[in-house]
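Data first, discussion second: the structure below is written as structure tokens.
The values are calculated or read from the model by the stated rules, or taken from the named source; none is laboratory data. Small disclaimer: the values here were computed from a predicted structure and weren't measured. Cβ placement follows ideal geometry from the backbone for every residue including glycine, while neighbour counts extend to all protein chains displayed. Note: areas computed on protein heavy atoms with side chains; ligands, DNA, RNA excluded. Shrake-Rupley method; radii C 1.70, N 1.55, O 1.52, S 1.80 Å.
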Amino acid sequence: MTTTGANAEAGVRGAPDGPWWWARRRSMVLDVVLALVSALECAAEGAGFADEHGGPVALAVVVGALVGGTLLFRRRWPVAVVLLGIAITPAELGFLLGIVGLYTLAASDVPRRLTVVLAGVSVAGTFLVTFIKFQRDIAAGEGYQPGPWMMLFFASLVALGLTAPPVLLGLYVGARRRLVESLRERADGLERELSLLAERAEERAVWARNEERTRIAREMHDVVAHRVSLMVVHAAALQAVALKDPEKASRNAGLVGDMGRQALTELREMLGVLRTSSEGMVPEASSAADSRRLAEVAAAASARVTAGVGAGAAGGTAAPVSEQPASGDGPCLDGLEDLVGQSRAAGMAVELSVEGVERAYGARVESTAYRVVQEALTNVHKHAPGAKAVVRVAHREDEVALQVENGPSEGGAAAPGLPSGGNGLVGMRERVSALGGVFVSGATDAGGFRVSAVIPAIVESGGSPA
């Protein structure tokens, strides 16, 4: 239940001026008034009964008042009040006591079988007392002398008239009261459910925001971090050969410039996507479009760096930034050769080994496999300068396996001094796990490091079968 609902219920049930408190007070006042009227009635009828039969009038008045006053407890002990009313029926006392007692009994939560039994006993008792009184009055009079069937009819009419209306009215009021209570409980339950749904919706919104932040951070890391790492490596090589080999230094300077301009372009595009998302009026509707735009940015970045660095490594000159249109398919396994060529151009001794029949997989599988190899090579540049790396790709029947393993860093190689936030391995693991794959990383016995991933194959309709 919400805070507002709880406060409202507290105001209804606990506050001295709430509706529930006033209803209870009115019920108490009504019971007191009915008990007082019933006591006066029973006292007067008791005095008449004692005077008619020659008994002590004072005692009859006291007993009648006490019996009539028991109507005060009709809500707590309705069965006892009805039994007392049936017991005093022969004395012709408690007209109000009997009617109100039967009504309260029928409206209460006692078993219906007990209500029917007590109502039947009350009808029988009233019928006998009325029939006997008719006989006695007719015998004492000298006027109209009705037959026995007529007396039975009048006695039955009186007995049913004094019993049936209060019982039927009590049954109706009790059923209506139970219906209102059930509706109130149902409304309270619905309010609690709505509160829980609101809390869960808020939790899902928080979870979605966190997932979106993680996804954006992963995309930016994959697109920008690799290129900036290569820039640092080329800058270090440029510093080493600036005086010894001016031509090679010029090529490295061109590569660094191209990569820097490309990194700035991609970062600007991603920030534009994020700014558009934050200014949108409907975040849910823009989330899918933003995801596609970020994927297109990543794909365009991979295509441009492949064209630029690959051409620079092959031709010996720095290639200009390629202004190719963005593609929504993202990087794929066909680009691994160019990716490895980029690392070779940066001075890494890296070998690519492919096993099995190459085929096309789903876009997410291709992109994830490419990012795993890309990030693993970036980590080699960062943490193992001068180390030899081996990239293995195995195309299996229902999965694609990847492994990037490097040896220990050469003692004479200078570390590029690249910062590391520890997000690369986390991002790889998240990507592979999201596709139901397995990711393992750790140091080797030879002093190097190994990254392995097995991704379930999702073969596209255009690809060859496994």
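When region 146-187 is filtered for residues that are open to solvent by less than 100 Å² (accessible area, probe 1.4 Å), over 29 Å from Val100 (Cβ atoms) and at pLDDT below 90, the ones remaining, listed by number, are Pro146, Gly147, Pro148, Met150.
Taking the numbered list (1) at pLDDT below 75; (2) out of contact with any His (no Cβ under 9 Å at 6 or more places or on another chain); (3) surrounded by 13 or more Cβ atoms within 10 Å (Cβ to Cβ) in turn, Ser250 passes all entries but (1).
Checking each residue in region 199-225 for being within 20 Å of Ala434 (Cβ to Cβ) and modelled with pLDDT under 75 picks out Arg215, Ile216, Ala217, Arg218, Glu219, Met220, His221, Asp222, Val223, Ala225. Does any residue of region 188-210 turn out to be hydrophobic (A, V, I, L, M, F, W, C), open to solvent by 100 Å² or more (accessible area, probe 1.4 Å), in a helix (DSSP H, G or I) and closer than 19 Å to Leu105 by Cα? Scanning region 188-210 turns up no residue that is hydrophobic (A, V, I, L, M, F, W, C), open to solvent by 100 Å² or more (accessible area, probe 1.4 Å), in a helix (DSSP H, G or I) and closer than 19 Å to Leu105 by Cα. Going residue by residue through region 325-341, is there one that turns out to be over 20 Å from Gly437 (Cβ atoms), in a loop (DSSP other than H, G, I, E, B) and touching a strand residue (DSSP E or B) at 6+ places or on another chain (Cβ under 7 Å)? There is no residue in region 325-341 that is over 20 Å from Gly437 (Cβ atoms), in a loop (DSSP other than H, G, I, E, B) and touching a strand residue (DSSP E or B) at 6+ places or on another chain (Cβ under 7 Å). Of all residues in region 83-97, those satisfying the criterion of being under 13 Å from Leu66 (Cβ atoms) and open to solvent by less than 30 Å² (accessible area, probe 1.4 Å) are Ile88, Gly94, Leu97. When the residues of region 381-410 are filtered to those that are assigned to a loop (DSSP other than H, G, I, E, B) and acidic (Asp, Glu), the one that is farthest from the chain's Cα centre (by Cα) is Glu410.
Residues that are among the acidic types (Asp, Glu) and open to solvent by 40 Å² or more (accessible area, probe 1.4 Å) do not occur anywhere in region 18-38.
Annotation note: of Thr126, Thr104, Thr115, Thr130, the sole residue that is crowded, with 16+ Cβ neighbours inside 10 Å, modelled with pLDDT under 85, out of contact with any Asp or Glu (no Cβ under 8 Å at 6 or more places or on another chain) and closer than 22 Å to Ala39 by Cα is Thr126. The number of residues in region 350-375 that are open to solvent by 10 Å² or more (accessible area, probe 1.4 Å), small (Gly, Ala, Ser) and either touching a Gly at 6+ places or on another chain (Cβ under 8 Å) or at pLDDT 90 or above (or both) comes to 4. Annotation note: of Leu230, Leu238, Leu243, the sole residue that is closer than 30 Å to Gly260 by Cβ, surrounded by fewer than 12 Cβ atoms within 10 Å (Cβ to Cβ) and either among the acidic types (Asp, Glu) or modelled with pLDDT under 80 (or both) is Leu243. The single condition among (1) hydrophobic (A, V, I, L, M, F, W, C); (2) buried (at least 19 other Cβ atoms within 10 Å of the Cβ); (3) under 60 Å from the mean Cα position of the chain (by Cα) that Ala80 does not satisfy is (2). Considering Ile138, Ile99, which residue is over 24 Å from Val37 (Cβ atoms) and part of a helix (DSSP H, G or I)? Only one candidate qualifies: Ile138.
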